[in-house]
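Here is the structure we will look at, set down as structure tokens.
The values are calculated or read from the model by the stated rules, or taken from the named source; none is laboratory data. All values reported here derive from a predicted model rather than from experimental measurement. Please note: Cβ atoms are built from the backbone with ideal geometry, for glycine as well, and neighbour counts cover all protein chains shown. The protein model used for the area step is the full one, side chains on, heavy atoms only, and it has no ligands, DNA or RNA in it. Shrake-Rupley method; radii C 1.70, N 1.55, O 1.52, S 1.80 Å.
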Amino acid sequence: MIIQQTKLVDCYEIIPDIYHDERGRLTKTFHQDTFAAHKLQTRFVEQYYSSSRKKVLRGLHFQLPPHQHVKLVTCLFGMIVDAVVDLRVGSPTYGQYALFDLSAEKGNMVYVPEGMAHGFYVVSESAIVVNNASSVYSPEYDCGIRWDSVGIPWEDDHPILSQKDRSLVPFPLFQSPFVYEK
């Protein structure tokens, strides 16, 4: 397993170990000792997945304190463009984004730390995306910023969005409660 620092402070792309044989393949998506050696979260308390069709954009989502969480995101079927935005005031990468091509074929993952927004756009005909979270979903602390408010060059100017995602506040109007600590 390779853990690579991305251009966003504390956000990592994880390249898993993939083993092939005549039966197919086995992908190791988590190894506690490897994560701990890199000082990454090793306790995930909730896992969920979404099924989406081509041109769907989900995001940019996060949970507010005190229910903020780390996410470990992977695409089990299909291909997505995954986006992470740093919302931590005082961070050297505050307001910046990073994009990742996540696919079932590559098996790669994104480690999204607390204080960052996350979203994705489906490139393939359909996709299944799995999220592991370090805190349980809390509807009253669920939040987000508009998908088109931080300059991300999405592949589509008119994606399929939920009503909730269409009504999120633009990034310039978002008063971030997250503070960078290092």
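Below, the figures for the structure above:
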item	result
Meets criteria (over 23 Å from Val169 (Cβ atoms) and not small (Gly, Ala, Ser)) for Tyr97	no
Flag if Asp86 is under 27 Å from Tyr180 (Cα atoms), open to solvent by 10 Å² or more (accessible area, probe 1.4 Å) and of a type in the set (D, E, K, R)	no
Count - residues of the range 31-59 that are among the hydrophobic types (A, V, I, L, M, F, W, C) and in contact (Cβ under 8 Å) with a residue 60 or more places away in the chain	5
So Phe62, is it in contact with a Gly (Cβ under 7 Å, 6 or more places away or on another chain), assigned to a strand (DSSP E or B) and touching a residue at least 12 places away in the same chain (Cβ under 8 Å)	yes
Among the residues listed as Leu173, Leu168, Leu161, the single one being open to solvent by 70 Å² or more (accessible area, probe 1.4 Å) and of a type in the set (A, V, I, L, M)	Leu173
